[in-house]
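What follows is a single structure, written as structure tokens, with notes after it.
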């Protein structure tokens with residue numbers, strides 16, 4: 001008797017991809033660059049829950065307000081949703097290619113472990129706010145628990161986790177209201193804690209230790225314990241099962257409702273947080289965290305709204321010739337891991353105190369321009385790779401490590 005060899009496990013090529021996820025990833029990386037940039041303003045005091053400097057000019061306040069309303073806490077849930085969507089796409093492709101359930105899940109598990117490894121190296125060498133480790137950890141847990149569960153189970157758990165996050169938001173609001181009655185000089189001042197610490201280290205070795213220490217708490221917090229990422233991934237599992245982004249024309253009404261409702265919710269709450277950042281609410285800055293929970297919920301809603309917008313855009317352009325803008329965004333989206341890491345390669349040695357230290361001489365508006373310029377650089381590189389028919393180097397490395405047939 002001859003034994004049938006298992007079907008080879010190979011990654012998807014650069015063609016034949018869904019348009020909407022790549023469009024969303026390409027644009028999202030611009031938002032990530034802008035969101036991460038203020039952390040490099042290491043010579044300025046910042047509040048407890050934000051990297052935006054306390055001392056700011058009118059131009060700085062405008063840029064900060066736009067970022068708080070439309071970008072901060074809105075980008076990483078969007079990335080988490082797209083990551084979860086990609087898990088189901090990869091799993092489905094492997095099953096359709098002939099891989100059994102155990103082999104397909106083993107591939108995902110191996111891929112997520114390598115993401116954690118990539119994240120640890122990224123955090124240690126360059127960027128303490130790395131999200132690869134967080135998503136790899138979330139992928140390991142949620143794939144194990146929920147990948148093959150029924151839709152109803154996913155809905156129930158997404159609802160439960162959202163309810164828990166909402167309750168935590170209420171507790172934060174109540175606690176903040178109580179603390180607001182205490183004399184401000186007895187509270188922990190915003191200048192006594194800063195997200196800028198690792199970037200302010202002048203010794204590179206010390207900065208590596210500081211970054212890894214920060215990342216060791218951030219990865220599980222952002223990936224699992226903060227609840228936003230698991231909720232986004234569970235919702236992505238549901239959406240991917242029904243091919244919402246591959247077939248957006250079939251889900252036009254849903255996408256339109258999510259886009260309008262999610263963005264309206266996110267921007268409305270963001271406007272309140274921006275007003276607090278500008279000192280317009282009369283609430284002590286030491287209790288800024290009172291808005292943390294509700295802003296996290298609003299950020300999740302806004303992120304889903306952004307994804308829905310790109311689904312609607314994909315439905316509009318899918319049968320049309322690829323334009324320069326959509327083609328460039330898709331090129332970046334196909335190489336989102338490489339472009340994400342490239343941002344740190346530019347920012348960390350340029351801005352940090354252990355490098356050229358340029359971050360000490362910039363402010364909110366000027367570093368935002370640097371972020372946009374950095375993203376544009378990655379766009380150019382991605383387009384050149386697209387024309388050459390080549391993957392990004394990080395995508396190549398991850399596939400080489402994760403797929404057994406590639407080694």
Run the numbers for residue 372 and residue 161: contour at 0.36 nm per residue of separation, minus the present Cα-Cα distance, in nm.
72.5 nm
What is the helix-to-structure angle for 132-146, meaning the angle in degrees between its Cα long axis and the longest Cα principal axis of the chain, kept from 0 to 90 and rounded to the nearest 10?
60
When 118, 83, 237, 217 are ranked with the fewest other C-beta atoms within 10 Å first, the list becomes 217, 118, 237, 83
List residues of segment 27-71, by number, whose backbone nitrogen lies under 19 Å from a label position 7 Å along Cα→C-beta of residue 173.
69
Relative to the longest principal axis of the C-alpha atoms of the chain, give the angle of the C-alpha long axis of helix 151-179, reported between 0 and 90° and rounded to the nearest 10°.
10
Counting pairs of alpha carbon atoms under 8 Å apart in space and at least six apart in sequence, what relative contact order in percent does segment 221-354 give?
28
Do the sum for the chain: with -39,500 (n - 2.57) for every DSSP H run of n ≥ 4, divided by all residues, what is the mean residue ellipticity at 222 nm, to the nearest 500 deg cm²/dmol?
-22500 deg cm²/dmol
Using alpha-carbon positions, what is the distance between the centroids of segment 91-129 and segment 283-347, in Å?
21
Can you give the FRET efficiency for residue 101 and residue 275, using 1/(1 + (r/R0)^6), R0 = 45 Å, r = Cβ-Cβ distance, to the nearest 0.05?
0.35
Report, to the nearest 10°, how far helix 393-402 tilts away from the longest principal axis of the Cα atoms in the chain, using its own Cα long axis and a range of 0 to 90°.
60
Per-residue Cβ contact counts at 10 Å, fewest first, order 370, 174 as 174, 370
Explain nothing, just the number: relative contact order of the chain, from Cα pairs under 8 Å at least 6 residues apart, as a whole percent.
33
For segment 314-395, what does the relative contact order come out to in percent, with C-alpha contacts under 8 Å and a separation of six or more?
40
Quick check on the chain: take the gyration tensor over C-alpha atoms, sort the square-rooted eigenvalues as a ≥ b ≥ c, and tell me if it's rounded (a/c under 1.5), prolate or oblate.
prolate
Could you tell me whether segment 78-165 comes out rounded, prolate or oblate from its Cα gyration tensor? Rule is a ≥ b ≥ c as square roots of the eigenvalues, rounded for a/c under 1.5, then prolate if a/b exceeds b/c, otherwise oblate.
oblate
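Just so you know, all these numbers are worked out from the coordinates, no wet-lab data involved. Predicted model only: the values in this text are computed from it and were never measured. Reconstructed Cβ throughout: ideal geometry from the backbone, glycine too, with neighbour counts over all protein chains shown.
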